[in-house]
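The values are calculated or read from the model by the stated rules, or taken from the named source; none is laboratory data. In this text, all values refer to a predicted model and were calculated from it rather than measured experimentally. When we count neighbours, we look across all protein chains shown, and the Cβ atoms used for this are built from the backbone with ideal geometry, even at glycine.
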Amino acid sequence: MTQEVVDWAADLLATDDEFLIPIRKLWLMAHGNRLATDLSLDAFHCLLEEDGRFQFDEGIDFGEGFDDPEVEREIMESHGYFSGPRVRLAAREITLEMIATAIKRSTDRMMMALEGAWEVRDLGDQEEETRLLDLLAHGQRLQEGMDEVFGGLAGQEDVEEADNP
């Protein structure tokens with residue numbers, strides 16, 4: 001069973017749009033596929049580390065610096081941002097197009113989260129509204145800057161694959 005989950009992770013990392021996936025997210029995906037249900041997150045991480053096909057990155061902690069880090073991590077995860085180490089398949093070549101697509105996807109997800117926060121803002125809190133407007137403006141400039149830097153690279157692989165069946 002343990003080799004099955006490691007092989008599943010390798011197969012997913014070989015083909016998924018995301019080439020660098022948070023281990024916690026991968027572990028939750030495995031659970032959703034009824035794999036590794038008897039493994040803790042730490043045991044799952046150790047299994048991957050024991051297999052030479054994977055490389056790891058430290059990642060970041062989205063709860064760091066907040067009064068209640070666990071609540072902040074849960075909020076961030078609900079928007080698709082996972083704390084902790086990341087894993088990738090060592091043999092998978094990372095292309096500029098893949099990086100551009102990942103940055104675009106992350107920036108778009110950030111903007112959706114900010115727009116969602118705008119929709120549920122406290123209408124009586126001018127300071128919060130001003131902060132959100134500032135964040136939205138920064139996010140929009142970031143999106144525009146990414147478009148300028150990467151041009152049409154983001155998503156170009158999908159277009160090329162569609163053109164060359």
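Name every residue in the stretch 15-74 that is in contact with a His (Cβ under 7 Å, 6 or more places away or on another chain) and within 21 Å of R92 (Cα to Cα), in order of residue number.
We begin by selecting, within the stretch 15-74, every residue in contact with a His (Cβ under 7 Å, 6 or more places away or on another chain); these are 23, 37.
Across the stretch 15-74, the qualifying residue is only I23.
Pick out the one residue from I99, I103, I60, I21 that is in contact (Cβ under 8 Å) with a residue 60 or more places away in the chain and either out of contact with any Phe, Trp or Tyr (no Cβ under 9 Å at 6 or more places or on another chain) or closer than 24 Å to M146 by Cβ (or both).
Values: I99 fails: in contact (Cβ under 8 Å) with a residue 60 or more places away in the chain; I103 fails: in contact (Cβ under 8 Å) with a residue 60 or more places away in the chain; I60 fails: in contact (Cβ under 8 Å) with a residue 60 or more places away in the chain.
Answer to the selection: I21.
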Selected residue (criterion: farthest from L28 (Cα to Cα)) from residues of the stretch 73-90 that are modelled with pLDDT of 85 or more and charged (D, E, K, R): R88
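Can you tell me which residue in the stretch 7-41 is surrounded by the most Cβ atoms within 10 Å (Cβ to Cβ), limited to those that are in a loop (DSSP other than H, G, I, E, B) and among the small types (G, A, S)?
Residues of the stretch 7-41 that are in a loop (DSSP other than H, G, I, E, B), as a first pass: 16-20, 33-40.
Among the residues that remain, those that are also among the small types (G, A, S) are: 36, 40.
On the way: A36: 24, S40: 10.
Within the stretch 7-41, the match that is surrounded by the most Cβ atoms within 10 Å (Cβ to Cβ) is A36.
Determine whether E93 is in a loop (DSSP other than H, G, I, E, B), among the acidic types (D, E) and at pLDDT 85 or above. Spell out the reasoning first.
On the way: in a loop (DSSP other than H, G, I, E, B): yes; among the acidic types (D, E): yes; at pLDDT 85 or above: yes.
Yes; evaluated as a whole, the condition is true for this residue.
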Restricting the stretch 42-76 to residues that are hydrophobic (A, V, I, L, M, F, W, C) and more than 15 Å from V6 (Cβ to Cβ), the residue that is surrounded by the fewest Cβ atoms within 10 Å (Cβ to Cβ): V71
Count of residues meeting criterion [more than 17 Å from H79 (Cα to Cα), surrounded by 14 or more Cβ atoms within 10 Å (Cβ to Cβ) and not charged (D, E, K, R)] in the stretch 115-141: 0
